[in-house]
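The values are calculated or read from the model by the stated rules, or taken from the named source; none is laboratory data. Source: prediction; values computed, not measured. Note: ideal-geometry Cβ built from the backbone for every residue, glycine included; neighbour counts use all protein chains shown. Accessible surface areas use protein heavy atoms only, side chains included; no ligands, DNA or RNA. Shrake-Rupley method; radii C 1.70, N 1.55, O 1.52, S 1.80 Å.
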Amino acid sequence: MTTTGRAVDALAEPVERVGRGWTSALSLANGAIWVGWYGPLQILLASQAGDFAPGSGMSKETMLAWVTGAGALVSLVANPLFGALSDRTTARRGRRTPWIVAGAAGGALSLLLLAGAGGVWTMAAGWCLVQLTLNAAFAAVTAAVPDRVPRLQRGSVGGWLGAAQILGVVGGTGLATAAGGIGAGYAACAVCTLAGVVPYVWRYQDLRLPATESPRWSWPGFLRGFWLSPRRHPDLGWAWLTRFLMNLSNALVLLYLLYYLRDRLHHDDPGQGVLVLTAVNGLTLLATVVVGGVWSDRTGRRKPFVIWSGVLMAVATALLACWQTWPGAIVAAAVLGVGFGVFTSVDFALMTDVLPKALDRGKDLGVINVANALPQVAAPALAAPIVTYLGGYRTLYLVSAVIGLAGALLVRRIRGVE
């Protein structure tokens, strides 16, 4: 293929449908990255905080909130930064592949370093490194979709990526639980994260960007590009706010789940309880995530799916506040999975539909993905005082339900998408 042809392939709106093999390999890579995130987030970081908190002057809840908040701050910067760098990459292996490889390898190494943490400072530093490196891989994986997938296939591809995401969450939680210790849990997650990206980078050639098509470098221009004006791009602004609120609601549910089972429901084995709830949530999510995306593609509509999925998620979160029993937690996890499954696939397709420019897909998706990371900063700051001083877990989950419902309703403000 000529250089001109490659430029057209890299920057033009894709029209040729991708095959099942490409979708499967990219989904596997995406799931592997989520293993690297959620093994620590669901089990390992909470266990380390429980070990390090005595004598530190901090409660385990505060320590966990501080560490996860620091990592989320790194994620806020890393995702759009690496997305923008991948947009400008002119390597022979393409724009995205080098960052997928480097990010996954760096993430695996960072997880191994985190396993050896001896206190809160090294724990925080290790988690920040995990966030930095895995966000490089994640930014490149998500940017590959608008690079290669036509608009009317993005709901179904987003569904498969969402299915891989929840399998990564379940798999990471399972590995962290089954490994038999903190160090072994981190090692298992590291191996899975690195191995999962190999099929995609080995089998599929990425689209190359010729050096002549890469924007001329300047620091002022590079930094200015990260501001996407809501006034100039209102649909993108409303879509971003919708994603932020929905993810903030979900983050408030997940952050203290281990402690909720231990301290409020008095579960005999809270770690095992988290795994069971994650599995129930994953099963119902898997039952709807692909179906929701395919259905959205066939109807050509996005917003009704986001609205009704948000309503279901709010109902599920309210159940955790009003029905504080183990059966209530299982029902809530199941209903939450149904809603979040539809939201995951359709919202991803909606986001790719409102991107302003092909040349900046990675950077723009990185800015959008800030709406995934910022809730990880906001959730600890909001959750810790609510649980400690403002009514405990009942108030926390009621606040979460209201936030999620508000996010679902705001999607109606997007005008350029059905």
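Structure data summary
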item: Top of Pro375, Pro40, Pro54 by mean-square fluctuation, Gaussian network on the chain, Cα under 10 Å; result: Pro54
item: Rounded to the nearest 20 debye, dipole of segment 244-390 from Cβ charges on Lys, Arg, Asp, Glu; result: 360
item: Accessible area expressed per residue, the chain, with surrounding protein chains retained (probe 1.4 Å, Å²); result: 40
item: Cα gyration tensor category, rounded, prolate or oblate, for segment 308-418 with a/c compared to 1.5; result: prolate
item: Rounded, prolate or oblate (a/c below 1.5 giving rounded, otherwise prolate when a/b exceeds b/c) for segment 244-343 by Cα gyration tensor; result: prolate
item: Cα radius of gyration and Dmax for the chain (Å); result: 20.4, 65
item: For the chain, size of Cβ-based charge dipole, Lys and Arg +1, Asp and Glu -1, in debye; result: 1140
item: Segment 149-179 and segment 55-123: distance between their alpha carbon centers, rounded to Å; result: 19
item: Spatial separation of Cα centroids for segment 386-412 and segment 273-304, in angstrom; result: 22
item: Accessible area of segment 294-343 belonging to carbon and sulfur atoms, whole % at 1.4 Å probe; result: 77
item: Whole-percent carbon and sulfur share, accessible surface of segment 51-147, 1.4 Å; result: 70
item: Kyte-Doolittle at least 0.5, axis length at least 20 Å by Cα - qualifying DSSP helices, the chain; result: 60-88, 97-115, 120-148, 154-178, 182-196, 234-255, 270-299, 303-322, 326-353, 361-389, 392-410
item: Cα gyration tensor shape for segment 140-211, rounded if a/c is under 1.5, else prolate or oblate; result: oblate
